[in-house]
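The values are calculated or read from the model by the stated rules, or taken from the named source; none is laboratory data. Please read these numbers as outputs of a predicted model, since none were measured by experiment. We place every Cβ from the backbone using ideal geometry, glycine too, and count neighbours over all the protein chains shown. Calculation scope for accessible area: heavy atoms of the full protein, side chains included, ligands and nucleic acids excluded. Shrake-Rupley method; radii C 1.70, N 1.55, O 1.52, S 1.80 Å.
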Amino acid sequence: MPWQTYMLAFVVGVSAVQFPVPAIAALALLYAADCSFRERGCRLSVFAVVCCAVFGFGYASQRTPDLPESVPHWMEARQPVTVDGVVDRVEPLAGGRLRVVLREVQCDQDGVDKALPGKVAWSLRHPDYIPAPGQSVRALVRVVPVHNFGNPGTWDYVRYWQRQGVFWRAWPQGKEKPEWGDLPHDFLWGIKSGLRRAVASSLPETQGGAMVLALTTGDRSRLTPETMEATRSSGLAHTLALSGLHVGFVAAMGVGLALLAGLLYPPILLFVPRPKLAVLLAAPLVLGYAWLGQPSASLIRAAVMFGFWGLLLLQGRGRVLLDGLFFALAAIVFVSPLSVFDLSLQMSVTAVAGIGLMYPCFRCLFVFKRSRFAVILGWAGALLAISVCANIALMPLVSWYFGTFSPNILLNFIWLPVLGFAVMPLGLVGMFLSASAWTAPVGGVLLGLAAGVADWLLVLLYAERDAGLTPILAVLRPLWPETLGFVILLITAAAVLRSDRRVPKALAGLGFVLLVLPHVWIMVEDSRNQTRLTMLDVGLGQSLVISLPGGHRWLVDAGGGSKTFDFGEAVVAPSLTLGRPPRLDAAFMSHPDVDHSHGLPFILDRFAVKSFYTNGMLPRGQTGRRLRAVLDANGLVPVALQAGDTVPLSEDTKLCVLHPSEGFVDAKANELSLVLRLEKEGRSLALLPGDIEKRGIRSLMESRADPVAEVLVLPHHGSRSSFDASFYQAVSARAILCSNGYLNQYGFPASTVVEAVGGTVFTTARHGQVVCLWRGQQELSIQSSVSDLTLATGLLLR
């Protein structure tokens, strides 16, 4: 209907706040698609469509909170500070972590309280106390601004937190425990926390019990990193984060209650038809579940969608799914325009729209004769078709955000029904029964049954994963024209299949061109005679990419990480797969320290990598176990390099190994780092020395190897432990790169190092991703994600 097109134009205008060029293209395509499906005399005014988009842009701009213009000096100096604040919300996370968002924050600086604008996201590990919203707190913390990894096309952390009014991140300092104020008199919070305690005490200490706790209360603190990784690697992580999927399960419980009521008292259906009865019975369940789940924004939005679908059903309207989606989206975006950028809303809307557009094309396949077996078969087929429709529609989003594709539809076919029709009903009923002393034993039994079923699901998941039946494929991340082209072709195909209309050739052709054009552009770009060295922004770690004509790429290190965050997965892989396939000619690990090696297992597991080179050492601990498992699974044999070796990259380009020399021994892994020099046609382009320190540098200088290079990556992130003025002079670099990390705790790069190198140091903290480019025999040029820089004839031009 016309208002729906105008509403979509408004949404496109909102998205222009962050993505102006794609938004303009999307608006043009929206109008073209609208004209293609309307008769000439019924077409909408282009002026009205543009006005709706402009209004959306202005409305969202006014609702966007402004970031602080400056960072306090004590924060830049990395000084801990005592803060006083009020708890805004509490988010229990997997692995025993707790995120507390504080508002009204005051910082105690030399006895003077100064207000900190915006909110603070405070991260705690294994806390012994869970606060309540509205409770005051005083604690010694280290505060830093919310900061992005400066790699184009990757997740925007600043805008993600900015939309929530959070401008700062904080971590505890020292051994003193936080001082919590009195609990606020909040009756509803008391009920919610009491239910959570009752459920937590009744559940077994298993991961199945942790799943039930997460699904009933939103508390994921008992879930281990291993469980999260198993579900993520099987494409099922979304089932443990409360969202519209779980609201759908709760609504299905209302449908079940309506069926049961009809069986027990059939006359009720004469007064209230079964669909309306299902809505009436499901409404309190959905509202209660949304309230129990913190409530999270995704649950609130899902409840709004359910509310509009319910209203349309109560009115006896048709087109309930898509019309209800449009009404809900209009209400959500009007109240919170920046929610357009929320991944959960994007995925919910896309999945529902995909089901609404494509499922009618499959419906005729599941009409069988009225036998019990045929009905069961029809329901099973319909459920599978719904899953297929949602997955097809979500492909561009999942590919862009995660760079992966999960073909595990059959596992979803088993996991989701058991989760929705066994685990959640048993868990929710058990939770409410556990609230009373009279019914607590029965509630405990039901919760135990739910946990047992969840444990069975995990056993099945681990068995299928170990058998290699749950692959997650790395794919290229589509550029925005490809996504628009995919959407246009999908809408065109669905409309033609549903209405038997002729194919709008112009619109279909435009979608095809948008789908193909980015790949043509990348092919032309990769065919140019140019050598590229890219220093990715991976925080306090290092990851370098060497690119040559023909799309050939080599990775040197892949950043660090922890049990809950992997730079290889979250930063390096998305950067490498933006518009390009997950393929590498080789990967190098300069040395086994985790800030260089932790991200490599993910890359080696998901990417097609031909060779893997090391200094002869492999990491220990968790990173080492993951790496060895990946190497065994993929049949990769590490090749140990030493001084004098050469790795050819092309006919005229190679990597020469300058260190460690044969017989060089040291107890520190840093000193044994591979030192690589990139050469092309005898021209020394770049020196990549890993984390080599003073003793290794001295050995390199004494070996009489020529370290001269146009670009020097500072050893050990510019640490004082690698300071050697004679080494910097011997390299005589015209550009110096440093992978450090914004406000890193060690102060890298050290001021003495910066002064000694005698030139501008391009750091990831200041410049983000830095690209060194050599076009043929031309001079070196430097580009960064923050600003474009050029180095020519020995002078640095800004």
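Please give the per residue accessible area of the chain, computed with a probe of 1.4 Å over protein heavy atoms only, in Å².
Values: 36630 Å² over 798 residues.
Solvent-accessible surface per residue comes out at 46 Å².
Using only the alpha carbon atoms of segment 75-149, find the Kirkwood hydrodynamic radius as the inverse mean reciprocal pair distance, in angstroms to one decimal.
On the way: mean 1/r = 0.0764 Å⁻¹.
Hydrodynamic radius (Kirkwood, Cα only) of segment 75-149 equals 13.1 Å.
For segment 442-489, just say rounded, prolate or oblate: build the C-alpha gyration tensor, square-root its eigenvalues into a ≥ b ≥ c, call rounded for a/c under 1.5, and beyond that prolate if a/b exceeds b/c, oblate if not.
oblate
Using a 1.4 Å probe on the protein heavy atoms only, what accessible surface does M701 show? Give it in Å² to the nearest 10.
The accessible area of M701 comes to roughly 70 Å².
Restricting to Cα pairs below 8 Å that are 6+ residues apart, what does the relative contact order work out to for segment 485-588? Please round to a whole percent.
Relative contact order here is 19 percent.
What is the sum of charges, Lys and Arg at +1 and Asp and Glu at -1, for the other residues whose Cβ falls under 9 Å from the Cβ of L584?
+2
Mind checking the full-extension length gain between R274 and R103? Use 0.36 nm per residue of separation minus the Cα-Cα distance, one decimal, nm. Could you put the intermediate results ahead of the total?
Numbers: separation 171, 0.36 × 171 = 61.56 nm, distance 4.64 nm.
Taking R274 through R103 to full extension adds about 56.9 nm, to one decimal.
Would you check the accessible area of Y613, probe 1.4 Å, heavy atoms only, in square angstrom rounded to 10?
The accessible area comes out at roughly 40 Å².
Please state the shape class of segment 665-744: rounded when a/c is under 1.5, otherwise prolate if a/b exceeds b/c and oblate if not, all from the C-alpha gyration tensor. List each step's numbers first, then the result.
Values: a/c = 1.72, a/b = 1.16, b/c = 1.48.
In terms of gyration-tensor shape, oblate.
Under a Cβ-only charge scheme (Lys and Arg +1, Asp and Glu -1), can you give me the dipole magnitude of the chain about the Cα centre, in debye to the nearest 20?
2460
At a Cα cut-off below 19 Å, give the lysines reachable from K680, other chains included and same-chain residues fewer than 8 away excluded.
K654
Here are some pairs, K175/K694; K119/K192; K177/K694; K114/K563; K177/K668; which of them have Cα atoms lying more than 31 Å apart in this structure? All intermediate terms of the calculation are to be shown ahead of the outcome.
Numbers: K175/K694 35 Å; K119/K192 24 Å; K177/K694 40 Å; K114/K563 35 Å; K177/K668 36 Å.
Table pairs above 31 Å Cα-Cα are K175/K694; K177/K694; K114/K563; K177/K668.
Does segment 1-44 come out rounded, prolate or oblate, given a ≥ b ≥ c as the square roots of the eigenvalues of its C-alpha gyration tensor, rounded meaning a/c under 1.5 and, failing that, prolate meaning a/b above b/c?
oblate
Hydropathy at least 0.5 by Kyte-Doolittle, axial extent at least 18 angstrom from the Cα trace: which helices of the chain, defined as entire DSSP H runs, fit?
Details: long enough: 2-15 (20 Å, 0.98); 20-36 (24 Å, 1.45); 46-63 (26 Å, 1.37); 187-202 (23 Å, 0.36); 244-264 (30 Å, 2.00); 274-292 (27 Å, 1.27); 297-314 (26 Å, 1.87); 320-335 (22 Å, 2.64); 343-363 (29 Å, 1.10); 372-402 (43 Å, 1.64); 440-466 (38 Å, 1.19); 480-499 (29 Å, 1.39); 505-526 (32 Å, 1.42); 621-634 (20 Å, -0.72).
Span-like helices here: 2-15, 20-36, 46-63, 244-264, 274-292, 297-314, 320-335, 343-363, 372-402, 440-466, 480-499, 505-526.
When Lys and Arg each count +1 and Asp and Glu each count -1, what net charge do the other residues less than 13 Å away from L44, Cβ to Cβ, add up to?
Working: positive: R38, R40, R43; negative: D34, E39.
Counting the neighbours of L44, the net charge comes to +1.
What part of the accessible area of the chain, given as a whole %, is carbon or sulfur when the probe is 1.4 angstrom? Working shown, then result.
Details: 22900 of 36630 Å².
Looking at the chain in its full context, I get 63 percent from C and S.
For segment 401-466, report the translational diffusion coefficient in µm²/s to the nearest whole number, using Stokes-Einstein at 4 °C, 1.567 mPa s, and a Kirkwood Rh over Cα pairs.
97
On a full-extension model of 0.36 nm per residue, what is the gain between L260 and D466, subtracting their alpha-carbon distance, rounded to one decimal in nm?
Numbers: separation 206, 0.36 × 206 = 74.16 nm, distance 4.05 nm.
Roughly 70.1 nm would be gained on extension.
Could you grab the Rg to Rh ratio for segment 133-233? Cα atoms only, Kirkwood for Rh.
Using only Cα positions, Rg/Rh for segment 133-233 is 1.04.
For segment 10-142, what does the equivalent ellipsoid look like in terms of its semi-axes, each the square root of 5 times an eigenvalue of the Cα gyration tensor, given largest first in whole Å?
Details: eigenvalues 437, 68, 31 Å².
With the √(5λ) rule applied to segment 10-142, the semi-axes are 47, 18, 12 Å.
Which log10 I(q)/I(0) values does segment 277-354 give at q = 0.11, 0.17, 0.23, 0.27 Å⁻¹ under the Debye formula, counting every alpha carbon as one identical point scatterer?
-0.27, -0.66, -1.14, -1.35
What size of dipole, in debye to the nearest 20, comes out for segment 638-687 about its Cα centre when the only charges are +1 on Lys and Arg C-beta atoms and -1 on Asp and Glu C-beta atoms?
Working: 5 positive and 8 negative charges, 28 e Å.
Here the size comes out at about 140 debye.
For the chain, which semi-axes, largest first and in whole Å, follow from the square roots of 5 times the eigenvalues of its Cα gyration tensor?
49, 33, 27
Quick one: check the C-alpha center-to-center distance for segment 182-211 versus segment 509-578, whole angstrom.
44
What is the Cα radius of gyration of segment 408-552 over 2.2 N^0.38 Å, N being its residue count?
Here the Cα radius of gyration is 1.77 times the empirical estimate.
Between segment 261-325 and segment 100-125, what is the C-alpha centre distance in whole Å?
Answer, in whole Å: 41.
Of the chain, which part is the longest with no GluC sites (Glu not before Pro) in a loop (DSSP not H, G, I, E, B) and with at most 14 other C-beta atoms within 10 angstrom?
206-650
What's the Cα-based Rg to Rh of segment 602-670, Rh via Kirkwood?
Working: Rg = 13.9 Å, Rh = 13.8 Å.
Value, to two decimals: 1.01.
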